[in-house]
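Read-outs throughout are calculated quantities, based only on the coordinates presented, and are distinct from any laboratory measurement. Keep in mind that this is a model prediction, so the values were computed, not measured. Cβ atoms come from the backbone with ideal geometry, glycine included; neighbour counts cover every protein chain shown.
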Amino acid sequence: MSNETKGKKDTKEKDSKQTEKSATSETKTYYEIKAENLTPEEREILEKYAGKLSPTTLRAKWINDPNEHEDDPGQTLATQNPEVIKRWAQERQAVPATVPGTEHGDHLGVLTFDFPGYGGQKLKQVSWDEWLETFKKRKLVFLFQEHMKNGKQSNFFHLDSPFREHD
């Protein structure tokens, strides 16, 4: 990573995180939430877990309905809406899956999608009900793109969590 790129990244992260010292020399950290299109429930989640979620989650455009879309190609979107996640995956013929060997007892391990035509490690396909139940229990946020900046369909997604996978 070049110094120029690193500097830009550092600046972006600093935009979301601010510290303040009180009269008792106690340092408090405040996170600026720049996310767009939030429901009151989503704002509450972001405020509660701001320090544990990625800066990207705090500034993404939130999508609450399968008929809402990006403003521009390459825009980072976020949701916790099951119908939005299903629509995104189905448009890419992706099937809900987990990474074998990451299970926690009888609980699913790392959640992902199995995209047709992509090689790599073997994934274990699971039902939508199992995948979405685990997603909800872990209070995950689905970060995604609909299109890359060049306009082509994007398969990019990331699951953000205020907790570690094993919690």
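If you wrap the range 34-160 in the convex hull of its Cα atoms and look at it from every side, the mean projected area works out to 8.2 nm². What the Cβ-Cβ distance of residue 47 and residue 103 gives, at R0 = 41 Å and to the nearest 0.05, is a FRET efficiency of 0.80. Residue separation of residue 130 and residue 36 scaled by 0.36 nm, minus their Cα-Cα distance, works out to 30.9 nm of gained length. Rounded to the nearest 20, the size of the Cβ-charge dipole of the range 34-160 about its Cα centre is 400 debye, with Lys and Arg at +1 and Asp and Glu at -1.
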